[in-house]
Amino acid sequence: MARIIAFGNLKGGVGKSTLAVNVACELASSSRVHLVDADGQGTAAEWLQAGHLPITGESLPLEDEQQAAPWMRRVLAVNVDIVVIDLPPNNGAATTAALFIADIFVMPVGPSGLDLRAATKALALLHEARAARADGGKPAGLLVPSRVDRRTGAGREIEAALHEMGEPVGPAIGLRSAFVDSATVSEWVGSFAPRSVAHQEIITLAAVVDRITRRKPADGPQG
Ligand SMILES: Nc1ncnc2c1ncn2[C@@H]1O[C@H](COP(=O)(O)OP(=O)(O)OP(=O)(O)O)[C@@H](O)[C@H]1O
Ligand SMILES: [Mg+2]
């Protein structure tokens, strides 16, 4: 069965789609990766449609809770190594369903006080999902400082603030024009600006996500 990596947060514009697409493309250098765009806005699906990304994918929004079961079955049935899910910025049906099947919930968090408050609420959803699941503490969580400008006080403080939230904190992603410019021409940073700082940050983040999702579940009652 594919490993499932969900990118979500209750806050809009924090870099969920940017990181979902770029991490998916980086992981595609060693795995078969399929991107599920669960956001009705269709940002990631449109990006993919231009045909410049080394991954497959589809638009699969889920707005109606009644459709959650077939949606989850469909995602679980994709025959690849890794499914990356890009979620909408709310705690609707898609986020709930993704938390139920994901191996990891990656939360990009922007560097403002409002971003941190939204992250606290999203973490509560993650904890609820873990309690409701019977498969050994899944999904793992990963807080990713996103759009970080280290020249500002908020940019320097975000990592410290995230470390106090009790979930692993991933490598920071800087506020960089390469992320915007590559998306503008429907590319990812690895093809648009290979070996740029932006690409290096994606390589590092993808490696962390890869390592966490390869880990064997802790020895539990099921062995
Ligand atoms: N690290 C970054 N540096 C500079 N710009 C960025 C970075 N990450 C994202 N952006 C830009 O910020 C905007 C929002 O990013 P993105 O669409 O990835 O956020 P999102 O969380 O998916 O938003 P939504 O909640 O609307 O789905 C986009 O214009 C994107 O190009
Ligand atoms: Mg998005």
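Of all the residues in segment 56-78, those that are in contact (Cβ under 8 Å) with a residue 60 or more places away in the chain and either part of a loop (DSSP other than H, G, I, E, B) or within 14 Å of residue 45 (Cβ to Cβ) (or both) number 1.
Scanning segment 147-182 for residues that are within 17 Å of the chain's Cα centre (by Cα), in contact (Cβ under 8 Å) with a residue 40 or more places away in the chain and surrounded by fewer than 20 Cβ atoms within 10 Å (Cβ to Cβ) yields 167, 168. Considering the conditions (1) surrounded by fewer than 18 Cβ atoms within 10 Å (Cβ to Cβ); (2) within 16 Å of ligand 2 (Cβ to nearest atom), residue 188 is excluded by exactly one of them, (1). Within segment 79-92, the residues that satisfy the criterion of being more than 16 Å from ligand 1 (Cβ to nearest atom) and either part of a helix (DSSP H, G or I) or in contact with a strand residue (DSSP E or B) (Cβ under 8 Å, 6 or more places away or on another chain) (or both) are 80, 81, 82, 83.
Go through the residues of segment 86-103 one by one and say whether even a single one is surrounded by fewer than 16 Cβ atoms within 10 Å (Cβ to Cβ), among the β-branched types (Val, Ile, Thr) and more than 29 Å from residue 189 (Cα to Cα). No, segment 86-103 contains no residue that is surrounded by fewer than 16 Cβ atoms within 10 Å (Cβ to Cβ), among the β-branched types (Val, Ile, Thr) and more than 29 Å from residue 189 (Cα to Cα).
For segment 42-51, the criterion of being within 12 Å of ligand 2 (Cβ to nearest atom) and at positive phi is satisfied by at least one residue.
Residues in segment 139-182 that are within 12 Å of ligand 1 (Cβ to nearest atom) and of a type in the set (Val, Ile, Thr): 144, 148, 173, 180.
Of the numbered criteria (1) at negative phi; (2) more than 16 Å from ligand 1 (Cβ to nearest atom); (3) not basic (Lys, Arg), the one residue 136 fails is (1). The requirement of being of a type in the set (Gly, Ala, Ser), surrounded by fewer than 20 Cβ atoms within 10 Å (Cβ to Cβ) and closer than 27 Å to residue 33 by Cβ is fulfilled nowhere in segment 116-128; no residue meets it.
Since every read-out is calculated from the coordinates, none of them should be taken as a lab result. Small disclaimer: the values here were computed from a predicted structure and weren't measured. All Cβ positions, even for glycine, are placed from backbone atoms using ideal geometry, and neighbour counts span all protein chains on display.
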